[in-house]
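Working notes for the structure below.
Only the coordinates and a few stated rules stand behind these numbers; no lab work does. Predicted model, so just to flag it, every value in this text is computed and none were measured. For neighbour counting, all protein chains shown are included, and Cβ atoms are generated from backbone atoms with ideal geometry for every residue, glycine included.
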Amino acid sequence: MLQITRDTLDIIDRALQEDLTSQDHTTSALVPRGQIGQALLVSKEPGILAGLSVTAAVFSRVNPSLETVPILEDGANLKAGDLIARIEGQVGGILTAERTALNFLQRMSGIATETAKYVAEISGSAAEIIDTRKTVPGLRYLDKYSVAVGGGHNHRFNLSDGILIKDNHIAAARLGELSIEYLVKHASEKAPHTLKVEIEVETIDEAKEAIDAGAEIILLDNMSIEDMTRAAKMAKGRALTEASGGINLDNVRRVAETGVDLISVGALTHSVKALDISLDLQT
């Protein structure tokens, strides 16, 4: 279960402010103050549940007397019609918080669901599915948590978590006629001892140069299946390999079978489809 930190509460408060929940004229006009009731969170399609603690926090931020009673937990396999949780308390608060609460729950469950599809697709291989920093600005903590719920693994959370020499770093270095070998060795010398050095390559020759220079992770960008297989074999025992670029559910199994260690998929977070979940007020 996700721990609700101060940072998470700030995310929730910004979302509630965006919706101007303090000025819900519809609910104020139509729902008697103090009316008590309950609502059910219901899955409308199969998927993986993620973000229930965030949803509960939304309701309590709108009205501290609202209680969220979980029926399922994050990571649960949902079927259409499954009851997820019960919200009890003042009806007005439930209705005011509804959209914001569902926005978090639907997006986070959508990410977990999509991640689980990729994880299942490569089941039995030695590769791991990892995420990227292609997240909604401000929501990275929630997005990456959802990937983990779906069975994936987290890449760098931010720029301080590792050294990743990307194509544009290499392009900038080549303006000064600097080699991949120089970049890897220079980065290794300058990096804190706790950080790994990863470099993006596009060809077998670049992969060999990076491995020989001592890079700890080789990112194979948009390589063919044949070249990925050659690069993974070349790096075995010397560096980890990460496949990236153009990876989808149709080809991820073939990518895993090349022998790469990691498969990064930006689509887990940058274009996720929200899971269909509804809030049904009980009468």
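Considering only DSSP beta bridges with both partners in the chain, what is the antiparallel share in %, to the nearest 5?
50
May I have the count of lysine pairs in segment 120-270 with C-alpha atoms under 18 Å apart, counting pairs 8 or more residues apart or located on different chains?
Lysine pairs satisfying the spacing and distance rule in segment 120-270 number 12.
How many angstrom lie between the C-alpha centres of segment 105-156 and segment 170-208?
Value for the Cα centre distance between the two parts: 28 Å.
Using Cα-only point scatterers and the Debye equation, what is log10 of I(q)/I(0) for segment 120-270 at each q in 0.09 Å⁻¹, rounded to two decimals?
Scattering profile of segment 120-270, log10 relative to I(0): -0.28.
Which order do the peptides 21-28, 276-283, 8-15, 253-260 take when ranked by the mean count of other beta-carbon atoms within 10 Å per residue, highest first?
On the way: 21-28: 12.2, 276-283: 14.0, 8-15: 16.1, 253-260: 20.1.
Ranked from most to least packed, the peptides come out as 253-260, 8-15, 276-283, 21-28.
Determine the relative contact order of segment 173-232: mean sequence separation of Cα pairs under 8 Å and six or more apart, normalised by residue count, in whole percent. Numbers along the way, then the final one.
On the way: 62 pairs, mean separation 20.4, N = 60.
Rounded, it is 34 percent for segment 173-232.
Go through 109-120, 69-80, 88-99, 217-228 and give me the packing order, highest mean Cβ count within 10 Å leading. Let's see the in-between values first.
Working: 109-120: 23.6, 69-80: 15.2, 88-99: 20.9, 217-228: 19.3.
Ranked by mean Cβ neighbours within 10 Å, highest first: 109-120, 88-99, 217-228, 69-80.
Under a plain spin-label model, where a point goes 7 Å from the Cα along Cα-to-Cβ, how far apart in nm are K79 and D161?
3.6
Would you please give the residues with an amide H less than 5 Å from that of G259, counting only those at least 5 places away or on a separate chain, with H modeled from the backbone geometry?
The answer is none.
Report the Cα-based extents of segment 23-89 along its three principal axes, largest first, to the nearest Å.
38, 20, 19
Counting other beta carbons within 10 Å of each Cβ, put H155, H270, H193 in order, fewest first. Numbers along the way, then the final one.
Working: H155 19, H270 14, H193 5.
Going from sparsest to densest Cβ surroundings: H193, H270, H155.
From the residues A256, A267, L183, which one has its Cα farthest along the dipole of the chain in the positive direction, the dipole being from +1 and -1 charges on Cβ of Lys/Arg and Asp/Glu about the Cα centre?
Among A256, A267, L183, the one farthest towards the positive end of the dipole of the chain is A267.
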